[in-house]
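Below is one structure; the comments refer to it alone.
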Protein chains: 2
Amino acid sequence: MDIWSFKKEGFIADDIVKNGNIFLTGNGYMGYRGTMDEWGRHEMAAVNLAGVYDQNGDNWREPVNAPNALFAQISVNGEIITLGKTGHQKHSQTVNFQKGLHIRDSVFEAVHIKSERFISMAEPHLLASCLTLSFDKDCEVELLTGIVTDIWDINGPHLFDYEYEKGDIIRAQAITGEKKIPVAVTQSVTCDFPHNEKQEVINYGIYRRIDFNADSETVYKINIISTVYTGLDTADPGEAAMSLCKIATADGYGKNLEAHVEAWAEIWKNSEVRLEGDDEAARALNASLYHLHSISPRHSKASSIPARGLSGQTYKGAIFWDTEIFLFPVFAHTEPELAKTLLRYRIETLPGALAKAAEYGYRGAFYAWESQEGGVEGCTNFNVVDVFTGRPVRTYFRDKQIHISGDIAYAMWRYYEITGDTSLFFEDAAEVILQCARFFLSRSHSRLDMDKVELLDVIGPDEYHERVNNNVFTNQIAAHCFACALELKDVLSQADPNFFDYLITKLEFENDLELIKAALPKLRPVFDETKIIEQFDGYFGLEDCSLEDVRGRLLDEREYWGCNHGVAATTQIIKQADVVAMMALFPSLFSDKQVELNWNYYEPRTEHGSSLSACMHALTACRFGRPDLAWEHFIKSATIDLTGGGKHWAGKIYIGGTHPAANGGAWLIAVLGFAGLSVKNGEVTVSPRLPPQITSLRFPVIANGKKYRITVTRDDFEIL
Amino acid sequence: MDIWSFKKEGFIADDIVKNGNIFLTGNGYMGYRGTMDEWGRHEMAAVNLAGVYDQNGDNWREPVNAPNALFAQISVNGEIITLGKTGHQKHSQTVNFQKGLHIRDSVFEAVHIKSERFISMAEPHLLASCLTLSFDKDCEVELLTGIVTDIWDINGPHLFDYEYEKGDIIRAQAITGEKKIPVAVTQSVTCDFPHNEKQEVINYGIYRRIDFNADSETVYKINIISTVYTGLDTADPGEAAMSLCKIATADGYGKNLEAHVEAWAEIWKNSEVRLEGDDEAARALNASLYHLHSISPRHSKASSIPARGLSGQTYKGAIFWDTEIFLFPVFAHTEPELAKTLLRYRIETLPGALAKAAEYGYRGAFYAWESQEGGVEGCTNFNVVDVFTGRPVRTYFRDKQIHISGDIAYAMWRYYEITGDTSLFFEDAAEVILQCARFFLSRSHSRLDMDKVELLDVIGPDEYHERVNNNVFTNQIAAHCFACALELKDVLSQADPNFFDYLITKLEFENDLELIKAALPKLRPVFDETKIIEQFDGYFGLEDCSLEDVRGRLLDEREYWGCNHGVAATTQIIKQADVVAMMALFPSLFSDKQVELNWNYYEPRTEHGSSLSACMHALTACRFGRPDLAWEHFIKSATIDLTGGGKHWAGKIYIGGTHPAANGGAWLIAVLGFAGLSVKNGEVTVSPRLPPQITSLRFPVIANGKKYRITVTRDDFEIL
């Protein structure tokens, strides 16, 4: 089998949405759903733009989809050919992970359509496709292509005041409703055969009608090149898009493709994990990294990755803690500049976090749970719709998931630990850590008659239990944030002896530093090695029933399990790793035995109702020498975007799309779990615990600026 | 019109449940629902016992209904006569407030049945009825009477292992399921005409069949006397019941009735509020006090009054804060010994409150929200059933309504303020106050970076908003509790200079006293006279819509408005007086203007979905000189148990019954509101604000051990 591509034969209408995710292509600047050339909004064809958000009316803010210039619809003798409507003889859809290609091959009675599509990894604003048409009989053919502005949105429309420009290169330009950001799209079409072209602006777009008489001997090739710019990229996106399209068209499809494939080759050189022993698993791991790379913001110095990547507007296109905990470590170990880019997004959005803390009456930085541009909180107070009443339900994700600030500080500290690079601290990461610590300080309470610091009324990683006290994950990540704030002085003084004091003065932090010092030992959880850690105050008092019991109580499969009313809320059934996640993030605090004890308690009580769960369980299972237990979670993580698995509904809200956290999680399990990679004080070690399915793992790592090539086999390992 | 009785003519089947409450008779030891002699469990006939609780299976604990010995069913020529099944020509039901009598008068074709019933106010264990039968034609009559053990229960059965004894006096005795408390009931029947009697034990009871040949000339009188004792009264309740029944039977119905009426006369002498100018209102006020007296525990030295009185098992027969805030003040001003009895119930149940605090990880006394015997918490974690799913809903009444401890301390302090009597403090009320203060201390938190004490995650009087921070009512009542704890030393030292120190040492309270002293100024709310007081942190940020808006969102009329999902929860619509209640309880803290400002804001936002609400609004409206606004609330409070109004459902839970808090509230509005009675440092003052409907009010008051007769007219007042 080919571990570098994934192919589906045949067509199933019910899979259209799922396939849109599985066969996604992207380059971090934009993502193109895995749809057919001739499809539109109903099949959720979309060019999802990173970092461009818009709000229509009172609806949720969400990212903007650009007009689609790779639209191409064939008519033969007047009959429109559309997969799903026109009968077909054969059909397949393929994604090539190595080269970042989407390939479609459909045999209809009247025409055989092949197409190849790429979103350029070499040039972020470029996307292109190549159609190859052949016919059994002579016939009259019309290709309808152009820039389609009737596009898929969840809460749209978002683009208004369209302007169109005809010519060799056609152009459509519009502005977003809320912030009036211009978005420009161009298209050129190259045909290597005689044809007539008519251009027209009709409802929803600017179109080309390309007519030709086809014969059965010839293979007809059509190359479409498109560029996309927005007002966030440049002052005149229309001009920029036009100018780039001219150059790219002059270069030709082939040259652009070549540059794209080379860029992917470089990416794989730095990140490929060669897994031997199980080709299915090897392919799934390649798919995971493919999806991760397809949405990584290499075009930017300060951007991040939404929780559903660039597969659509699900989860409001927002950045969650997923990025810091599940994606960031992949890049920190393989492509530190990109890791830095992700963290810089949090530095840039510090003002948003300061404003959010103030909104709730706190000091410091309370980062958005669903962070949009500028750190704007995308999460509303009503994040779930009750399936029985159709009413929005008051949820507390926005207000109470305070661990997000700790997760960000944790990642910034990890960046330093893995890379040895302190420069980010001077680019304001130090300020972020201090402001996060200040937030936790101001969010902490002390009982008047007890010498203990508490974080009350929070939601931990397990979102099914809202408004709990002293969630141990949250307390630990906050305590860690305190510790980082206190350690900063030493770390910064290596490069600049005065910077820390400068910062403390600037932020008027003297008193807070004292308070943090005093609070840390009273907040930091104390773990008894022989006891199961209680997830939060009173957790053990909840009904202790099985996952099946709880599932059996559902009256509607789309019911939300959490919140005050949910079937899990009053039980010990949890959504995802919580205590287990803490053990994965802070391995040095726990003995193998302790990890095992807690894993055995919590794993059967975990629904794994989030793509964040499997990875944490796998990493910790490796810790106590049970990679066999980790294997199932690894496969689940690595294959989620091959099978189109995962949850699709939270109440009545669609939450489908790709799963970057699981994609990153697959790498984490393979490298940190199975190979047991550890980077500490510049030293790289591995302690392999390969599951029986794997004979060897080979992968590159960068640590402290040095490149390593690591090979792990069943009996041996090598670090070069 | 007769302001001393209430009569309903005719029969409406749908009113059976309502009438059971309206026509209730009782003496504090037991309550007998206003049902027909021949009715049983289906019509909710019940003899509800005060303070005897039982749990069947996993159901809610609830008070026990005794077997019904006033059951009497007539058959004429073999035809059973039952109101509602047998056609009738005329029917009326009357309750006489002055004499505590239930009178029924039904004319059927075959028989004219009159009956009079009383639950003796002179002898708590005695109840009796007198049937008067007359016939148009000669006929054969059978009277089926006896002790019916097939009784109404919500979560029953509660009585098991019945033993029966035949004889002149028959007896049924059983034990409760949970605590094996024996309950004994006897019955004697006296007929002043020739008859045959057969006794038999059949299903559900011991019965007498009394046969006689009736003629149309004679009026047949049958007297039934019954006694009830339980194992909580005496070691051998069977013997006690038998012995009392013998004496009472020998004395005869008339003598027992006379003693009963005399006892009521004495009660009215001490408490009647003669309202002139509006007879409807005067009658409603009499009805309110009638209901209040019918359920007041004069038989005990330490008992209290359940939230639905003795009208059934609704609200688990439990004691709520209603008693301290709405009932206690009536007695504190008119019958201090009874006020003391109510407070002693809280002293006796201190161990339960200490245990409840410990259960939640706190120190001190956390009184039960729904207090049963021994202070056992009757409130479960699932106190509402969702109407859409039929699932119990996690509510936080049990865990978060901490103001209850403050309400109790408040009442104990008020007792001292009104009566000048410190003796209760030495009977452990001082300890209760200290333990309540200790609880609030241990329930208080302080932010690490702020010099402020907070009560977090509470429910205030407005139960529609669960889990709020710094509910101002709660903070104020807790601060008041702190203040009382600190003032205790001075007050106690008048009678015993060492007692306070003894108590502090005994309770190891030295350090807590210091902490309380320090905390008080940081907890006590500060009020800006010119601003509307925010009910809790963030209240003003909730949706500000109208009551009608919120009501219009209901999809089911039985929907619960509160809880996380309820229609009111995310709006400013509140269930009942909260800020307004605080202003009513602490009048000296607020200027008239301030009261008016807040009243005008909160009243339109108040659903008054509780019988506790109207009284507080009326009292405060009188404060700022608008008794006209108070009038509607007065009428609502005073008539609630004449109309059978009030809410009947909370989700799928039946919550009907009588409304003692509204009954007490009617007195409070008349005396403290309209007459403006105030007792302070032994001084009795009035400041009348009579509404236009009232020309005068006359009532007795006891303050500092001295009796006063007060008359208030439109232009004048007199204190004698």
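Any residue at all in region B:484-497 that's under 32 Å from the mean Cα position of the chain (by Cα), within 13 Å of chain A (Cβ to nearest Cβ) and open to solvent by 10 Å² or more (accessible area, probe 1.4 Å)?
No; the residues of region B:484-497 include none that is under 32 Å from the mean Cα position of the chain (by Cα), within 13 Å of chain A (Cβ to nearest Cβ) and open to solvent by 10 Å² or more (accessible area, probe 1.4 Å).
Which of the residues spanning region B:449-468 are facing chain A (nearest Cβ under 8 Å), open to solvent by 10 Å² or more (accessible area, probe 1.4 Å) and touching a residue at least 12 places away in the same chain (Cβ under 8 Å)?
Step one: list which residues in region B:449-468 are facing chain A (nearest Cβ under 8 Å), which gives B:449-450, B:453-454, B:456-457, B:467.
Cutting the leftovers down to open to solvent by 10 Å² or more (accessible area, probe 1.4 Å) gives us B:449-450, B:454, B:456-457, B:467.
Listed by number, the residues that qualify are B:454, B:456, B:457, B:467.
Please name all residue pairs, on different chains or six or more residues apart, with Cβ atoms under 6 Å, provided the first residue is in region B:680-692 and is modelled with pLDDT of 90 or more and the second residue is aromatic (Phe, Trp, Tyr) and outside any loop (DSSP other than H, G, I, E, B).
Final answer for the pair search is B:684/B:708; B:686/B:717; B:688/B:717; B:690/B:674; B:691/B:631.
Yes/no matrix, rows are residues, columns are (1) within 14 Å of chain B (Cβ to nearest Cβ); (2) buried (at least 18 other Cβ atoms within 10 Å of the Cβ); (3) under 24 Å from residue B:449 (Cβ atoms):
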| site | (1), (2), (3) |
| --- | --- |
| A:356 | no, yes, yes |
| A:374 | no, no, no |
| A:390 | yes, no, no |
| A:404 | no, yes, yes |
| A:409 | no, yes, yes |
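Here are some residues: B:251, B:211, B:233. Which one is more than 22 Å from residue B:46 (Cβ to Cβ) and in contact (Cβ under 8 Å) with a residue 12 or more places away in the chain?
Exactly one residue qualifies, and that residue is B:211.
On the basis of being surrounded by fewer than 22 Cβ atoms within 10 Å (Cβ to Cβ), within 30 Å of residue A:281 (Cα to Cα), in contact (Cβ under 8 Å) with a residue 40 or more places away in the chain and in contact with an Asp or Glu (Cβ under 9 Å, 6 or more places away or on another chain), does residue A:16 make the cut?
Taking the combined requirement at face value, the residue satisfies it.
Taking residue B:445, is it modelled with pLDDT of 95 or more and within 25 Å of residue B:588 (Cα to Cα)?
In short, no.
Here is a list: A:409, A:437. Which entry is in contact (Cβ under 8 Å) with a residue 24 or more places away in the chain, over 24 Å from the mean Cα position of the chain (by Cα) and closer than 24 Å to residue A:345 by Cβ?
Details: A:409 fails: over 24 Å from the mean Cα position of the chain (by Cα).
The match here is A:437.
Can you list the strands (runs of 3 or more DSSP E) found entirely within region A:657-704 that contain at least 2 residues being closer than 30 Å to residue A:319 by Cα? Let's see the steps before the verdict.
On the way: elements: A:678-680, A:683-685, A:696-703.
Of the strands (runs of 3 or more DSSP E) lying wholly inside region A:657-704, those with at least 2 residues that are closer than 30 Å to residue A:319 by Cα span A:678-680, A:696-703.
Return the residues of region B:45-80 that are within 21 Å of residue B:105 (Cβ to Cβ) and either among the polar types (S, T, N, Q) or crowded, with 22+ Cβ neighbours inside 10 Å (or both); say none if nothing qualifies.
The answer is B:45, B:68, B:70, B:71, B:72, B:73, B:74, B:75.
Read through the list (1) farther than 30 Å from residue B:271 by Cα; (2) buried (at least 18 other Cβ atoms within 10 Å of the Cβ), then give the number of the only condition that residue B:129 fails.
In the conditions (1) farther than 30 Å from residue B:271 by Cα; (2) buried (at least 18 other Cβ atoms within 10 Å of the Cβ), residue B:129 misses (1) alone.
Of (1) under 31 Å from the mean Cα position of the chain (by Cα); (2) open to solvent by less than 70 Å² (accessible area, probe 1.4 Å), residue A:557 satisfies all except one. Which?
Only one criterion in (1) under 31 Å from the mean Cα position of the chain (by Cα); (2) open to solvent by less than 70 Å² (accessible area, probe 1.4 Å) is unmet by residue A:557, namely (2).
Could you tell me whether any residue of region B:440-448 is open to solvent by less than 10 Å² (accessible area, probe 1.4 Å), within 14 Å of another protein chain (Cβ to nearest Cβ), in contact (Cβ under 8 Å) with a residue 12 or more places away in the chain and in a strand (DSSP E or B)?
Within region B:440-448, one or more residues are open to solvent by less than 10 Å² (accessible area, probe 1.4 Å), within 14 Å of another protein chain (Cβ to nearest Cβ), in contact (Cβ under 8 Å) with a residue 12 or more places away in the chain and in a strand (DSSP E or B).
Report, by residue number, each residue of region B:675-720 that is under 17 Å from residue B:628 (Cβ atoms) and either under 23 Å from the mean Cα position of the chain (by Cα) or open to solvent by 10 Å² or more (accessible area, probe 1.4 Å) (or both).
To start, the set of residues in region B:675-720 that are under 17 Å from residue B:628 (Cβ atoms) comprises B:675-676, B:687-695, B:697, B:712, B:714.
Scanning region B:675-720 gives B:687, B:688, B:689, B:690, B:692, B:693, B:695, B:714.
For the structure I just gave you, tell me whether residue B:505 is open to solvent by 10 Å² or more (accessible area, probe 1.4 Å), in a loop (DSSP other than H, G, I, E, B) and more than 14 Å from chain A (Cβ to nearest Cβ).
Numbers: open to solvent by 10 Å² or more (accessible area, probe 1.4 Å): yes; in a loop (DSSP other than H, G, I, E, B): no; more than 14 Å from chain A (Cβ to nearest Cβ): yes.
Spelling it out, it is not the case that residue B:505 is open to solvent by 10 Å² or more (accessible area, probe 1.4 Å), in a loop (DSSP other than H, G, I, E, B) and more than 14 Å from chain A (Cβ to nearest Cβ).
Out of A:249, A:227, A:234, which single residue is touching a strand residue (DSSP E or B) at 6+ places or on another chain (Cβ under 9 Å), polar (S, T, N, Q) and open to solvent by 30 Å² or more (accessible area, probe 1.4 Å)?
The unique qualifying residue is A:249.
Could you grab me the full set of residues in region B:513-554 that are of a type in the set (Val, Ile, Thr), away from chain A (no Cβ under 12 Å) and open to solvent by less than 80 Å² (accessible area, probe 1.4 Å)?
First pass over region B:513-554, keeping only residues of a type in the set (Val, Ile, Thr): B:516, B:526, B:530, B:532-533, B:550.
Imposing the further condition that a residue be away from chain A (no Cβ under 12 Å) reduces the set to B:526, B:530, B:532-533, B:550.
Those that are of a type in the set (Val, Ile, Thr), away from chain A (no Cβ under 12 Å) and open to solvent by less than 80 Å² (accessible area, probe 1.4 Å): B:532, B:533, B:550.
Could you tell me which of the residues A:650, A:670 is at pLDDT below 95 and aliphatic (A, V, I, L, M)?
A:650
Can you tell me which of B:592, B:641 is farther than 30 Å from residue A:393 by Cβ, in contact with a helix residue (DSSP H, G or I) (Cβ under 7 Å, 6 or more places away or on another chain) and modelled with pLDDT under 95?
Exactly one of B:592, B:641 is farther than 30 Å from residue A:393 by Cβ, in contact with a helix residue (DSSP H, G or I) (Cβ under 7 Å, 6 or more places away or on another chain) and modelled with pLDDT under 95, namely B:641.
What number of residues in region B:244-266 are closer than 19 Å to residue B:30 by Cα and either small (Gly, Ala, Ser) or outside any helix (DSSP H, G or I) (or both)?
Final tally of qualifying residues: 3.
When you scan region A:204-241, how many residues do you find that are of a type in the set (A, V, I, L, M, F, W, C) and over 23 Å from residue A:26 (Cβ atoms)?
Qualifying residue count for the region: 6.
Taking the condition of being over 23 Å from residue B:21 (Cβ atoms) and of a type outside the set (D, E, K, R), how many residues in region B:74-95 meet it?
Number of matching residues: 10.
Could you list all residues from region A:568-589 that are open to solvent by less than 10 Å² (accessible area, probe 1.4 Å) and either within 14 Å of chain B (Cβ to nearest Cβ) or in a loop (DSSP other than H, G, I, E, B) (or both)?
A:568, A:571, A:572, A:573, A:576, A:577, A:578, listed by residue number.
Which one of B:160, B:193 is closer than 15 Å to residue B:230 by Cα and surrounded by fewer than 20 Cβ atoms within 10 Å (Cβ to Cβ)?
Just a single option satisfies the conditions, and that option is B:160.
The values are calculated or read from the model by the stated rules, or taken from the named source; none is laboratory data. Keep in mind it's a predicted model, so treat the numbers as computed, not measured. As a convention, Cβ positions derive from the backbone with ideal geometry for all residues, glycine included, and neighbour counts pool all protein chains shown. Only protein heavy atoms, including side chains, enter the accessible area calculation; ligands, DNA and RNA are left aside. Shrake-Rupley method; radii C 1.70, N 1.55, O 1.52, S 1.80 Å.
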